[in-house]
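A.B. asks: Mind having a look at this structure? Questions to follow.
The values are calculated or read from the model by the stated rules, or taken from the named source; none is laboratory data. Please read these numbers as outputs of a predicted model, since none were measured by experiment. As a convention, Cβ positions derive from the backbone with ideal geometry for all residues, glycine included, and neighbour counts pool all protein chains shown. Keep in mind that these areas ignore ligands, DNA and RNA; they rest on the heavy atoms of the full protein, side chains included. Shrake-Rupley method; radii C 1.70, N 1.55, O 1.52, S 1.80 Å.
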Amino acid sequence: MAALLFSVFIGCLILGIPIAFSVAIAGVAVLLKGDVNFLIVVQRMFASSDSFPLVAVPFFILAGDLLARGSISRKLVSFAESMLGMVRGGLSIVSVVAGMFFAAISGSGAATTAAVGATMVPELRKRGYDEASSTALIAAAGCIGVVIPPSVPMVLYAVIADQSVTQLFTNGFAPGICMGLILIAISLVQAYKNNYPKGSDFVLRNVWTTFKQSIWGLLMPIIILGGIFSGYFTPSEAAAVAVVYALLVSTFIYRDLTLKELKEILLNSAKTSAIIMIIIACSGVFGWALANWKIPEQIAEGVLALSTNKYILMFLMSVIILIAGVFMETSSAVILLTPVFLPLVKMLGIDLVHFGVLFVIGIAIGMITPPVAINLFVGSSITGIPIEKIAKSVVPYLVGLIIVFLLYVYLPIAFPFLII
């Protein structure tokens, strides 16, 4: 049954069938072989999407789109530049820091790349920075968008693995910051190597001015994450608060959102949410087939037959996650692979929150690894640079992010107190 399930799924992908329908077809093929009542298809599609925490997904997507199209991203970039622009290659640091700021607001890698890229690329071009390398850096910083909370993939993992969204969010900060720091370090090396110019001098008055202008953007993660961690509202309620806040700030404070733009944003967000939800619904059939024939347990036993060493098996799972990110979109990978990994993770005694965070980090890296490299495509559309050229320039940043990923895979095992 496992061979039939995965061979049909892979065959459908090779034929170019959308991933949601590939998942459904694979599940139905197994049901046909097992002579199961087809009512289970409808039941599982409904049951898999009938979850209150999933309400957060469309709201976080909409909040990210609202902020990406408004002036909040530009004001955050201006604030970051006022503090860091004086360093050689300072605009590279600003690009990463702005990406981290926006990651704490949007929960989306593509939205982070689009917002920061649209603001920073023209300025980087004007000051003589290598355009392909700068675009690659912004795309790599966009990966942090789904690691620093709020994070749509973390919400999806929490629903499937029955874990606390709040705990996953709490444990996403440290690796997200480490990802930003290693990107900054690599960009500084390249800045001195290419003799990039210094920016404007540090002026306290300018910092204060840009801080006041960006305060509404900076308050958003404080309100949302503070509300979650203090227990004032759930992650789903926080997502709704994020939408209302973004709408009010863009419409009444910055006044840069027209009705026409709002209509486009709502349509695009609805499309993105619908894609994720149909994948979740179809994966219910896939997941039932996995559970009914105990395929994950068989996979876990097969893997444990290779080795019982936790560190070796963690490495093998890490490699699989990175490879999955190369070929699958982030949310799809989390939805499909979490049920497969969970029995093995439980047998190894790995903390499920730790695994969820490292899973999201590994899959996020796939956003800059072709062929399914959404951040590179966004960067290419902003700059007009061929994606092949950006992909070549992204290699140093990719290596840096993989190092952070592997460190997070192993350090919490050696130091369990890192899991909050």
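A.B. asks: From LYS260, LYS193, grab the single residue that is open to solvent by 70 Å² or more (accessible area, probe 1.4 Å), under 26 Å from LEU84 (Cα atoms) and without any contact (Cβ under 8 Å) to a residue 40 or more places away in the chain.
C.D. replies: Of LYS260, LYS193, the one residue that is open to solvent by 70 Å² or more (accessible area, probe 1.4 Å), under 26 Å from LEU84 (Cα atoms) and without any contact (Cβ under 8 Å) to a residue 40 or more places away in the chain is LYS193.
A.B. asks: Separate question: Among the residues of region 105-139 satisfying the criterion of being touching a Pro at 6+ places or on another chain (Cβ under 8 Å) and surrounded by fewer than 24 Cβ atoms within 10 Å (Cβ to Cβ), which is farthest from LEU67 (Cα to Cα)?
C.D. replies: Checking each candidate, the answer is GLY128.
A.B. asks: Pairs, please: C-beta under 7 Å, at least 6 apart or cross-chain, first residue farther than 17 Å from THR166 by Cβ and in region 347-364, second part of a loop (DSSP other than H, G, I, E, B) and modelled with pLDDT of 90 or more?
C.D. replies: ILE361/VAL147; ALA364/VAL147
A.B. asks: While we're on this one: For region 33-44, state whether one or more residues are of a type in the set (Lys, Arg) and touching a Phe, Trp or Tyr at 6+ places or on another chain (Cβ under 9 Å).
C.D. replies: Yes: region 33-44 contains one or more residues that are of a type in the set (Lys, Arg) and touching a Phe, Trp or Tyr at 6+ places or on another chain (Cβ under 9 Å).
A.B. asks: Does at least one position in region 302-317 carry a residue that is of a type outside the set (Asp, Glu) and in contact with a Pro (Cβ under 9 Å, 6 or more places away or on another chain)?
C.D. replies: No, region 302-317 has no match at all.
A.B. asks: Within region 341-375, work out how many residues are farther than 27 Å from GLY302 by Cα and over 14 Å from the mean Cα position of the chain (by Cα).
C.D. replies: Total satisfying the criteria: 2.
A.B. asks: From the residues in region 55-82 that are closer than 28 Å to PRO122 by Cα and β-branched (Val, Ile, Thr), which one is surrounded by the most Cβ atoms within 10 Å (Cβ to Cβ)?
C.D. replies: ILE72
A.B. asks: Quick one: count up the residues across region 38-54 that are open to solvent by less than 90 Å² (accessible area, probe 1.4 Å) and outside any helix (DSSP H, G or I).
C.D. replies: The qualifying residues number 1.
A.B. asks: Determine which member of the set ALA373, ALA391, ALA364 is at pLDDT 85 or above, surrounded by fewer than 24 Cβ atoms within 10 Å (Cβ to Cβ) and of a type in the set (Gly, Ala, Ser).
C.D. replies: ALA391
A.B. asks: Of all residues in region 196-229 being within 24 Å of the chain's Cα centre (by Cα) and without any contact (Cβ under 8 Å) to a residue 60 or more places away in the chain, which is surrounded by the fewest Cβ atoms within 10 Å (Cβ to Cβ)?
C.D. replies: In this case the residue turns out to be ILE222.
A.B. asks: Also, quick follow-up: Look through region 324-339, keep the residues that are open to solvent by 20 Å² or more (accessible area, probe 1.4 Å) and modelled with pLDDT of 85 or more, and return whichever of them is farthest from the chain's Cα centre (by Cα).
C.D. replies: Once the filter is applied, the top-ranked residue is PRO339.
A.B. asks: Within region 291-322, take every residue that is without any contact (Cβ under 8 Å) to a residue 60 or more places away in the chain, under 28 Å from LEU31 (Cβ atoms) and open to solvent by 50 Å² or more (accessible area, probe 1.4 Å) and give me the one that is nearest to the chain's Cα centre (by Cα).
C.D. replies: Only one residue fits best here, namely ILE320.
A.B. asks: Continuing with this model, one more query. Can you pull out the helices (runs of 4 or more DSSP H) entirely within region 211-319 that have at least 1 residues that are at pLDDT 85 or above and in contact with a Lys or Arg (Cβ under 7 Å, 6 or more places away or on another chain)?
C.D. replies: Passing ranges, in order: 259-292.
A.B. asks: Of all residues in region 376-388 being open to solvent by less than 30 Å² (accessible area, probe 1.4 Å) and in a helix (DSSP H, G or I), which is nearest to PHE327 (Cα to Cα)?
C.D. replies: Once the filter is applied, the top-ranked residue is LEU376.
A.B. asks: Okay, moving on. Report the residue count in region 345-361 for those that are part of a helix (DSSP H, G or I) and open to solvent by 10 Å² or more (accessible area, probe 1.4 Å).
C.D. replies: 4
A.B. asks: How do the pairs read when you match residues in region 122-133 that are assigned to a loop (DSSP other than H, G, I, E, B) with residues anywhere that are among the hydrophobic types (A, V, I, L, M, F, W, C), using Cβ under 9 Å and keeping only pairs 6 or more apart or on different chains?
C.D. replies: As it stands, the answer is ARG127/LEU91; TYR129/LEU91; TYR129/ALA191; ASP130/LEU124, since those pairs meet every condition given.
A.B. asks: Sticking with this one: Can you tell me which condition ALA161 does not meet? The list is (1) surrounded by 14 or more Cβ atoms within 10 Å (Cβ to Cβ); (2) under 21 Å from ALA80 (Cβ atoms); (3) not aromatic (Phe, Trp, Tyr), and all the others hold.
C.D. replies: (2)
A.B. asks: Can you tell me which of (1) farther than 22 Å from ALA185 by Cα; (2) over 15 Å from the mean Cα position of the chain (by Cα); (3) of a type in the set (Gly, Ala, Ser) is the one ALA111 doesn't meet?
C.D. replies: Here ALA111 meets the rest and fails (2).
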